[in-house]
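Take a look at the structure set out below.
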Amino acid sequence: MTSTNEFIELSERRSAHNYHPLPIVIHEAQGAWVTDVEGKRFLDCLSGYSSLNFGHGNPKIIAAAQEQLSRLTLTSRAFFHDQFAAFAAGLGDLTGKDMVLPMNTGAEAVETAIKVARKWGYEVKGVTQDRANIIVMEDNFHGRTTTIVGFSTDPDARGGFGPYTPGFRIVKYGSVEAIREAIDEDTVAVLLEPIQGEAGVLVPPDGYLTQVRELCTERNILMIADEIQSGLGRTGDTFACDHEGVVPDVFVLGKALGGGVVPVSAIAADEDVLGVIRPGQHGSTFGGNPLACAVANAVIEMLGTGEYQARARELGAVMHERLRTLIGHGVVAVRGRGLWAGVDVDPSVATGREVSEALMSRGVLAKDTHGSTIRLAPPIVVSEEDLLWAVDQLADAIRELRERTA
Ligand SMILES: *Cc1c(COP(=O)(O)O)cnc(C)c1O
């Protein structure tokens with residue numbers, strides 16, 4: 001039998017080292033729990049960066065996938081297929097938008113939004129050709145394509161990959177004034193995450209999204225919300241923008257839209273925006289394929305009942321209450337909304353990596369983001385008991401690390 005260390009060594013030997021995984025080799029999973037190749041169980045508090053909001057092996061999603069898998073998986077968009085209409089209508093209804101455009105990965109959906117915003121700028125707003133600019137935020141994370149990393153402020157994400165695509169202006173996240181100052185007559189869009197996930201689950205000040213919405217409307221600029229990580233139930237609402245009752249011009253979705261089964265992403269917008277794209281101007285061989293649509297349709301149906309959103313809200317309140325008791329005990333700050341938290345561990349106690357490793361040895365899988373922040377985002381199907389147990393493991397792990405440094 002191959003051991004954990006052998007699997008890791010064999011994986012690392014022939015793979016680019018573009019990740020720094022925790023030393024666990026997962027074999028199977030159900031709900032919020034994963035099992036490694038040695039039979040050890042771990043509570044998944046990362047959920048594939050919120051791709052697994054509905055849990056591993058969710059019965060409804062798996063049933064939809066299996067049914068579709070045995071019948072029809074790919075047609076390309078050269079033809080129609082019988083899952084597409086329900087997908088377009090379902091996602092349109094969920095977002096309240098006229099139209100959707102499906103892609104596969106999150107980065108592709110962001111790229112799609114950028115292309116649509118530029119074209120809208122030239123054709124509808126009347127911006128001079130090739131002059132469009134898009135305002136983006138410091139510490140953003142929108143994916144890994146060459147255009148997207150060009151407007152990242154993370155040196156690891158960006159460094160060494162130039163020359164960079166022009167047409168982006170980076171401003172401070174959370175400041176409406178900074179956006180206002182950056183706007184000129186060529187500005188076509190403001191692209192932001194309603195809560196910045198990779199940056200450490202940074203929640204902007206109250207009223208920020210509302211004010212950005214007002215400013216965009218006033219200046220005839222598209223508000224593009226990247227809800228790839230924040231959307232689809234995670235924050236206790238269908239979309240993080242719902243918290244302020246804000247409706248962006250363009251929703252960018254991904255991750256959980258694929259139910260943890262296949263990559264499914266999309267943008268949703270009204271016809272005056274998305275209508276600028278005509279045949280041949282954008283597409284993807286796999287985008288909107290029958291399997292992707294069948295899975296997404298199950299996800300959209302599950303979100304339609306509101307039960308996952310309510311559960312994330314309720315469990316999130318419990319989780320945040322418990323996490324806040326750790327402040328002053330090796331934790332300096334806790335942020336987030338719904339079943340989503342960024343926990344800043346005192347850097348003098350341990351690095352985020354050390355906390356993640358200590359958590360893993362206690363049966364909890366979580367990953368650090370920048371520096372000493374631990375992100376907690378368990379599947380929404382997690383039981384309250386398991387969730388509180390995980391927070392206890394975090395408390396105990398930090399206590400042990402503090403004793404080590406004391
Ligand atoms: C994960 C993520 C992306 C990129 O999605 P991929 O599927 O990895 O390309 C973009 N934006 C946000 C906010 C994300 O969390």
Log entry, pairs with first residue in the stretch 313-329 being over 13 Å from Glu384 (Cβ atoms), second being hydroxyl-bearing (Ser, Thr, Tyr), beta carbons closer than 8 Å, six or more apart or on different chains, reads none
Filter the stretch 41-89 for residues that are of a type in the set (D, E, K, R) and open to solvent by 60 Å² or more (accessible area, probe 1.4 Å); the one that is farthest from the chain's Cα centre (by Cα) is Arg71
Suppose we filter Val391, Val334, Val349 for residues that are assigned to a loop (DSSP other than H, G, I, E, B) and surrounded by 18 or more Cβ atoms within 10 Å (Cβ to Cβ); which single one remains?
Val349
Residue within the stretch 280-293 that is aromatic (Phe, Trp, Tyr), touching a residue at least 40 places away in the same chain (Cβ under 8 Å) and open to solvent by 40 Å² or more (accessible area, probe 1.4 Å) present
yes
Is there any pair with a first residue in the stretch 88-113 that is in contact (Cβ under 8 Å) with a residue 60 or more places away in the chain and a second that is more than 16 Å from the ligand (Cβ to nearest atom) and part of a strand (DSSP E or B) whose Cβ atoms are under 6 Å apart and which are 6 or more apart or on different chains, and what are they?
Leu91/Val100; Gly92/Val100; Lys97/Ala269
Note on the stretch 187-212: residues at negative phi, more than 16 Å from the ligand (Cβ to nearest atom) and open to solvent by 10 Å² or more (accessible area, probe 1.4 Å) are Pro205, Asp206, Thr210, Gln211
Report the residue count in the stretch 299-315 for those that are within 16 Å of Leu91 (Cβ to Cβ) and of a type in the set (A, V, I, L, M).
4
Output the residues belonging to the stretch 136-182 that are within 12 Å of the ligand (Cβ to nearest atom) and of a type in the set (A, V, I, L, M, F, W, C).
Val136, Met137, Phe141, Ile148, Val149, Ala157
List pairs: first in the stretch 383-395 and farther than 17 Å from Val349 by Cβ and of a type outside the set (Asp, Glu), second at pLDDT 95 or above and not in a helix (DSSP H, G or I), Cβ under 7 Å, 6+ apart or cross-chain?
Leu387/Pro378; Ala390/Leu43; Ala390/Cys45; Ala390/Val364; Ala390/Pro378
Could you count how many residues in the stretch 249-279 are open to solvent by 30 Å² or more (accessible area, probe 1.4 Å) and either aromatic (Phe, Trp, Tyr) or in contact with a helix residue (DSSP H, G or I) (Cβ under 8 Å, 6 or more places away or on another chain) (or both)?
8
Within the stretch 294-310, restricting to residues that are among the hydrophobic types (A, V, I, L, M, F, W, C) and touching a Gly at 6+ places or on another chain (Cβ under 8 Å), the one that is surrounded by the fewest Cβ atoms within 10 Å (Cβ to Cβ) is Ala310
Residue satisfying all of: in the stretch 213-239; more than 16 Å from the ligand (Cβ to nearest atom) and outside any loop (DSSP other than H, G, I, E, B); most open to solvent (accessible area, probe 1.4 Å) among these:
Glu218
One residue from Ala189, Ala178 being of a type in the set (Gly, Ala, Ser), at pLDDT 95 or above, assigned by TED's automatic domain parsing to the domain that holds Val100 and assigned to a helix (DSSP H, G or I):
Ala178
Condition met for Met360 (of a type in the set (A, V, I, L, M, F, W, C), over 20 Å from Gly197 (Cβ atoms), out of contact with any Pro (no Cβ under 7 Å at 6 or more places or on another chain) and not in a loop (DSSP other than H, G, I, E, B))
yes
Check Arg404, Arg399, Arg375 and return the single one that is at pLDDT 95 or above and open to solvent by 30 Å² or more (accessible area, probe 1.4 Å).
Arg399
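The values are calculated or read from the model by the stated rules, or taken from the named source; none is laboratory data. None of these values were measured; they are calculated from a predicted model. Note that each Cβ is placed from the backbone with ideal geometry, even for glycine, and that neighbours are counted across all protein chains shown. Ligands, DNA and RNA are stripped out before the accessible areas are found, and what is left, the full protein with its side chains, is counted by its heavy atoms. Shrake-Rupley method; radii C 1.70, N 1.55, O 1.52, S 1.80 Å.
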